[in-house]
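Structure record follows, encoded as structure tokens.
The values are calculated or read from the model by the stated rules, or taken from the named source; none is laboratory data. Nothing here was measured: the structure is a model prediction, and the numbers come from that model. Cβ coordinates were reconstructed from backbone atoms using ideal geometry, including for glycine residues, and neighbour counts include every protein chain displayed.
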Amino acid sequence: MWDDGTIWEGARQGKLVLRTCRACKTPCHPPLPMCPECQSLDWDMKEASGDARLKSWLVSIRPDGGGEPPRLTVVVTLAEGPNFMSNLVNADIETLYEGMPLKLTFQTHEGLVLPVFQPTEPAV
């Protein structure tokens, strides 16, 4: 996979930034050298809306326990189209469902700003 740092630079600024083809306007994630739709090499950076839908999830538990709570690792479909892998926060696993609306937020972990998602509505 080719990573130009777009996601990490944007996250430090509190944004989810996607590479977008200047020729056909297709957002590309993960970043690739060439547009998967039109093969252009001409890119622009566009801020994503932060809206997403839950596509898939798993509960990640450290095998040694490690004293950390389980983490919800998710694949979301961004409103702009691409799928994005992240973590889900402020959510109860019992309330998750495919297509659940989510919104972007950020967390800092060991000095690294991470784009994560949370439900748009609190769990009931």
Practice prompt. Filter segment 20-45 for residues that are surrounded by 13 or more Cβ atoms within 10 Å (Cβ to Cβ), touching a Lys or Arg at 6+ places or on another chain (Cβ under 8 Å) and not hydrophobic (A, V, I, L, M, F, W, C) and give the result.
Written response: Thr20, Pro27, His29, Pro31, Ser40
Item to complete: Enumerate the pairs (first residue in segment 84-97 and closer than 14 Å to Ser56 by Cβ; second residue anywhere and among the hydroxyl-bearing types (Ser, Thr, Tyr) and at pLDDT 95 or above) with beta-carbon separation below 8 Å, excluding pairs fewer than 6 apart on the same chain, so at least 6 apart or on different chains.
Response: Phe84/Thr77; Met85/Thr73; Ser86/Thr73; Asn87/Thr73; Leu88/Thr73
